[in-house]
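Written out below as structure tokens is the structure these notes cover.
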Amino acid sequence: MNIGLIGSGGREHALCQKIYESRLSKRIYCLPGNVGTSKIAQNINVDILNFKGILKIINFFDIKLVIVGPEEPLVKGLVDFLIKNKVKVFGPNKFASKLEGSKAFMKRLCIANNIPTANFKVCKDSSTVEKFLKKSKFPLVVKADGLAAGKGVTICKTRKSVLKVSKEIFKGKFKTSRKLVLEEFLDGEEASYFLIVDKNSYKFFGTAQDHKKVGENDRGPNTGGMGAYSPAPVINPEVERKIISKIVEPTIKAFKKKNNYYSGFLYVGLMIKNNEPYLIEYNVRMGDPECQVILPRLKTDFVKLLINAVNNKLNKTLISWRKEKSMTIVLCSKGYPGKYKKNIEINNIKKIKTKKNDFVYHAGTKLEGRKVVSNGGRVLNITSIGNSYYNIRKRIISIIKRLNWKGGFFRKDIGWKVIR
Ligand code: AMP
Ligand code: GLY
């Protein structure tokens, strides 16, 4: 069947690669895709929030199944729009997407269903912030309520900085909402747990650990993610049982109680302390770069899995995984996450011949004539699979060295928690 994929990052290149490998896919259309997807699919340039434009493309190219990669179209209701227009689509509806689209919604759902999470207060004005400050210890975490492209969370060490960040949010710094969530700081080890969900059931879809800080030893400002690995050993069988019983089950049930349902990928962002999981955030999609380490380990035909999910037959589906580990390192433009230059040629990319267990996923790239040039902060994701994290990292770094891209930098310490 013809398949449509919405998005243009490294995550979407990884999704596209798996769709391409499936015996069930005929033509693949990426809306809008990137240089990587253009080699295995047809890219069509369209704004991912132009729902009517997307529908026209779907009908014109006889697309039978659509997969939505990023959060923004999900939160704005693309799935509801496509379902109303009789298109089969994989991803959560607008109501369910509030799990990511509104921190206040997600936290209230936690309270109502006894899901372990940091203590918090939803604030709409400074006097509520002041009240919460009176009874809290530092650091405190200030979170803009709506989508903020990964920039909405600030960890504040002082009362002054809480008040400053809050004021900016109330003034409308993040256009989607003027509310905020103020919450206590959780310490522990961060990890992510993934699920694929339909109306009737859900299945495990991997674990991973991301590296959000730009600098080595986890220093410097937050980024969209500098690298990741899968599986995450901190999620041991005991922690996994708790994640399911204390967090996932109550969430799925909560949607049913509201006569709604969750379907699509579910990204459970966790802090784990003394073998106890606390929910930090929900995302209603695969992670980026977590997707680039989880999908290469998937053995089951990906399109078959998606078809079973949209037909609510996941309970009859067996998902199998490769036993090996996987890691990705993100090659970024110098200056990211601050200001960086674009349009810098990546001249050796054509010379890189990867082997079966290596993958070069494109994220922020574009074609200028026949040249591949950078077009974003996170430019390429180099993934490799193997038996030891130490050897995988060595192999990835050797590929990056062969690329020898003068415009970029990367973290050499990805996986430090699992490589002694
Ligand atoms: P979020 O957008 O909610 O995932 O937050 C982004 C990042 O901020 C997380 O990945 C954590 O590293 C950090 N963070 C968020 N909430 C907390 C918290 N309550 N305690 C400690 N760190 C947090
Ligand atoms: N890597 C973090 C995210 O996808 O939200």
Relative counts (whole %) of C-alpha pair distances in the chain, using bins that are 20 Å wide:
26, 60, 13, 0
Evaluate the distance, in nm, between pseudo-label points positioned 7 Å from the Cα of PHE185 and of TRP321 along their respective Cα→Cβ axes.
3.2
Okay, which of the stretch 118-143 sit inside 16 Å, backbone N to the point 7 Å along the Cα-Cβ direction of LYS171?
125-126
Relative contact order for the stretch 1-145, counting Cα pairs under 8 Å that sit 6 or more residues apart, in percent:
18
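Could you give the accessible area per residue of the stretch 131-237, probe 1.4 Å, as a whole number in Å²?
Values: 5320 Å² over 107 residues.
Accessible surface, normalised per residue, equals 50 Å².
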Place a point 7 Å from the Cα of ASN217 in the direction of its beta carbon; the residues of the stretch 381-418 whose amide N falls under 18 Å from it are 410-418
Points 7 angstrom from Cα along the Cβ direction at LYS334 and LYS406: gap in nanometres?
0.9
Based on the mean of other beta carbon atoms within 10 Å per residue, what is the order of 162-168, 47-53, most packed first?
162-168, 47-53
Can you tell me what percent of all Cα-Cα pairs in the stretch 89-222 are more than 22 Å apart?
45
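Of the listed peptides 93-103, 233-243, what is their order by residue-averaged count of other C-beta atoms within 10 Å, with the highest listed first? It would help to have the intermediate numbers written out before the result.
Working: 93-103: 22.7, 233-243: 15.5.
Ranked by mean Cβ neighbours within 10 Å, highest first: 93-103, 233-243.
Of the heavy-atom accessible surface of the chain (probe 1.4 angstrom), what whole percent is carbon and sulfur?
Working: 9790 of 19420 Å².
Here it works out to 50 percent.
Set the bar at 24 Å for Cα to Cα. Now go through LYS131/LYS212; LYS64/LYS313; LYS134/LYS212; LYS173/LYS246; LYS56/LYS76 and name every pair that lies beyond it. Walk me through the numbers before you get to the answer.
Values: LYS131/LYS212 31 Å; LYS64/LYS313 17 Å; LYS134/LYS212 30 Å; LYS173/LYS246 34 Å; LYS56/LYS76 18 Å.
Violating the 24 Å Cα-Cα cut-off are LYS131/LYS212; LYS134/LYS212; LYS173/LYS246.
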Over the stretch 353-409 - Rg/Rh using Cα atoms and the Kirkwood inverse-distance radius:
1.00
So what J values fall out for the stretch 313-325 if you push phi through Karplus, 6.51 cos²θ - 1.76 cosθ + 1.60 with θ = phi - 60°, rounded to Hz, Gly and Pro as x?
10, 4, 4, 9, 10, 9, 10, 10, 10, 6, 6, 5, 8
Compute the Kirkwood hydrodynamic radius of the stretch 289-420, taking the inverse of the mean of 1/r over all pairs of distinct Cα atoms, and give it in Å to one decimal.
16.3
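Expected output is a single nm value to one decimal: the length gained when fully extending between GLU238 and SER126, i.e. 0.36 nm times separation in residues minus the C-alpha distance. What is it? Write out the running numbers ahead of the final one.
On the way: separation 112, 0.36 × 112 = 40.32 nm, distance 4.11 nm.
Result: 36.2 nm gained on full extension.
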Please give me, ordered by residue number, the trypsin sites (Lys or Arg not before Pro) of the stretch 5-38 that lie in loop per DSSP and have at most 14 other Cβ atoms within 10 Å.
ARG23, LYS26, ARG27
Ranked from highest to lowest mean number of other Cβ atoms within 10 Å per residue, what is the order of the peptides 382-391, 81-90?
382-391, 81-90
Backbone N within the stretch 43-70 under 18 Å of label point (7 Å from LYS258 Cα along the Cβ vector):
none
Set of lysines with alpha-carbon distance to LYS135 below 26 Å, sequence-local pairs under 8 removed:
LYS103, LYS107, LYS121, LYS124, LYS143, LYS157, LYS160, LYS164, LYS167, LYS171, LYS179, LYS273
Taking Cα atoms only, Rg over Rh for the stretch 203-301 with Rh from the Kirkwood formula is 0.99
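The values are calculated or read from the model by the stated rules, or taken from the named source; none is laboratory data. Predicted model only: the values in this text are computed from it and were never measured. Cβ atoms come from the backbone with ideal geometry, glycine included; neighbour counts cover every protein chain shown. Heads up: the accessible areas ignore ligands, DNA and RNA and are worked out on the full protein's heavy atoms, side chains in. Shrake-Rupley method; radii C 1.70, N 1.55, O 1.52, S 1.80 Å.
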